[in-house]
Structure formats: C-alpha cells, structure tokens
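Asker: Below: one structure in structure tokens.
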Amino acid sequence: MTMHAYPETYVSKAQDRLGDAFDYAINSCDIAGEDFMQMFAGSSVSRRMGKADPKYIPGKSGIEIALDVIKEATGKELHIEPKVNYGRSPEYWMGWALAYYQWRSDRQYKDIFKVVSYKDLQRMYYTLHEADVTKFADIIDKLMREHFAETNLKRFRGYTGMTQAELARRSGVSLRSIQMYEQRHKDINKASVEAVYRLAKVFGCDVEDLLEH
C-alpha cells in the first residue's frame, strides 16, 4: 500500500492552487522563481499545504496563498493585480507538477527543493509539460533517492543482515513503518522514542545512531 500525503480527492485542488501561486508570484509580482521557491519552502504555508490543511486547500486561492507566503517571508503585504493569462504558463505547470509529486511522495517541500532547482523545473517544462504528470514524478523521485543516501536505519540493518520483516518481528515496530523510515517517506527523527529505542535495542546501538542529522 502506497502512503500519500493526504486523500486523493484534494490533489487536483492542491495542484491548481500551487500552480496559480507560482504563476502569480513570479509573473505578476516579478519575484525570481528560485526566490519564491525558497520563500515557499521555508513558510508555514508549505507545511500546511503539504497536509491539505483546509484553510489552504480549498480554503484559499492560489493568489492568496502566494500573498501569504510573501508576507511571511518579507513582512510586506502586496496588492498587485494578476496579469491576464489566457493559457497555462510554465510557472503554473511547475507548481501544478510539484504539488502532485509532494502528494504522491509525502515528502516535505523543503526537502524536494533541496534537490530540484527552479532552473531544473524550467528545463523539465519543455520536455514534460505535455506528458503525464507521473513521468515528472518518476524523474523527481529518482533524483530524490540519489540525493538522499541510505538512512542510518537501513545501514544498521545491512550490517546485521536482517530483513525488514525480521527487524519488525524482533523490535515490535511495524514493517510498514520500517519501510517508510528507510525510504525517507517518514522522518525517523519524529518517531516515538519507544519505537526508536526498540529498533536500537535490536541493533545494540544508541538511539542517536539511528537518527538522521
């Protein structure tokens, strides 16, 4: 079973909102694409959108989301009319595609933006904007896995030669949780102390050895 960030019924709304936010911030507010990506990644808005907080999805428009991000990052309230756009801009596609990948992967935007730059997205637009969005997601997923090397949990398990199922049986931590921690789909640093302690006890290591830094 694949774990997603939130129910699929909200995906299209999240894509549309983030697409509009990117388009408005970059094309109407003249904020550099890389700058807006970093503003968004560091904002509370990105974390709340990443879990489909109803205040933002479907509670706010993409323009309102962009303005919230800009205000949080700069302290300034902008009042800029959106430029008329009769088609979907490249910037809209970038936000639209990123929202899909974030939902599919359940990764945080800040981690995604450590791997994918605005220039990367510009290059991808010209070859992928007419393709199924799953192709974009597959490419980003490959880049994410290459960037984030194996976790400490997987490394310790490799030392012992244990399978994930055996580790689950011996530790009492669910197999699904172990899989998610090793794939970085769940942050082991946010796991319960008891769960990490049980895993560490099986390996004979300290709890800190399994945390990611």
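Laboratory data are not the source of any read-out in this text; all were calculated from the coordinates shown. Everything numeric in this text was worked out from a predicted model, so none of it was measured. Please note: Cβ atoms are built from the backbone with ideal geometry, for glycine as well, and neighbour counts cover all protein chains shown.
Asker: Over 13 Å, how big is the tail of the calculated P(r) for segment 10-59, in percent of all Cα pairs? Write out the running numbers ahead of the final one.
Answerer: Working: 694 of 1225 pairs.
Roughly 57 percent, rounded to a whole number.
Asker: Here is a further query. Take each of the peptides 13-20, 176-183, 188-195, 102-109, average the number of other beta-carbon atoms within 10 Å over its residues, and list them starting from the highest.
Answerer: Peptide ranking by packing, descending: 13-20, 102-109, 176-183, 188-195.
Asker: Mind jotting down a quarter of the surface of the convex hull over the alpha carbons of segment 87-131, in square nanometres, one decimal?
Answerer: 3.2 nm²
Asker: Would you mind telling me which residue in Gly62, Gly161, Gly42 has the biggest mean-square fluctuation in a Gaussian network model of the chain, where springs connect alpha carbons within a distance under 10 angstrom?
Answerer: Gly161
Asker: Turning to a different aspect of this structure: When Phe113, Phe136, Phe22 are ordered from fewest to most other Cβ atoms inside 10 Å of their Cβ, what list results?
Answerer: Phe113, Phe136, Phe22
Asker: Starting from 0.36 nm per residue, how many nanometres of slack lie between Arg47 and Tyr126 once their C-alpha separation is accounted for?
Answerer: Here the answer is 25.6 nm.
Asker: Next up: In whole Hz and in residue order, list the ³J(HN,Hα) couplings for segment 102-111 that follow from phi through the Karplus curve 6.51 cos²θ - 1.76 cosθ + 1.60, θ = phi - 60°; x for Gly and Pro.
Answerer: 4, 5, 5, 8, 6, 8, 7, 4, 4, 6
Asker: I would also like to ask the following. May I ask for the percentage of alpha-carbon pairs in the chain that lie more than 22 Å from each other?
Answerer: 54 percent
Asker: Each residue of segment 146-155 in turn: what ³J(HN,Hα) in whole Hz from Karplus with 6.51, -1.76, 1.60 and θ = phi - 60°, glycine and Pro shown as x?
Answerer: With the stated coefficients, segment 146-155 comes to 5, 6, 8, 5, 4, 6, 4, 4, 5, 5 Hz.
Asker: Report, in listed order, any pair from Lys83/Lys142; Lys55/Lys114; Lys51/Lys76; Lys60/Lys135; Lys13/Lys201; Lys76/Lys114 with a Cα-Cα distance greater than 32 Å.
Answerer: Pairs exceeding the cut-off: Lys83/Lys142; Lys13/Lys201.
Asker: Provide the convex hull volume over Cα atoms per residue for segment 169-213, in Å³.
Answerer: Expressed per residue, the convex hull around the Cα atoms of segment 169-213 is 65 Å³.
Asker: Gaussian network model of the chain, Cα springs within a sub-10 Å range: biggest mean-square fluctuation belongs to which of Ile139, Ile70, Ile112?
Answerer: Ile139
Asker: How far is the Cα center of segment 152-194 from the Cα center of segment 6-82, in Å?
Answerer: Each part reduced to its Cα centre gives a spacing of 34 Å.
Asker: Related question: Go through 140-147, 89-96 and give me the packing order, highest mean Cβ count within 10 Å leading.
Answerer: The densest-packed peptide leads the list: 89-96, 140-147.
Asker: Tell me the relative contact order for the chain as a rounded percent, counting alpha carbon contacts under 8 Å between residues six or more apart. Please list the in-between numbers first.
Answerer: Numbers: 245 pairs, mean separation 45.5, N = 213.
So the answer I get is 21 percent.
Asker: For segment 196-211, what does the Karplus curve 6.51 cos²θ - 1.76 cosθ + 1.60, with θ = phi - 60°, yield as ³J(HN,Hα) per residue in whole Hz, taken in order and with x for Gly and Pro?
Answerer: Couplings: 5, 4, 4, 5, 4, 4, 5, 7, x, 10, 7, 3, 4, 5, 8, 7 Hz.
Asker: Right, something else. If the viscosity is 0.692 mPa s and the temperature 37 °C, what translational diffusion coefficient in µm²/s does Stokes-Einstein give for segment 1-90 when Rh comes from Kirkwood over Cα pairs?
Answerer: In µm²/s, the coefficient is 244.
Asker: Could you check which residue among Thr74, Thr151, Thr134 shows the biggest mean-square fluctuation in a GNM of the chain with a 10 Å Cα cutoff?
Answerer: Highest fluctuation among the options: Thr74.
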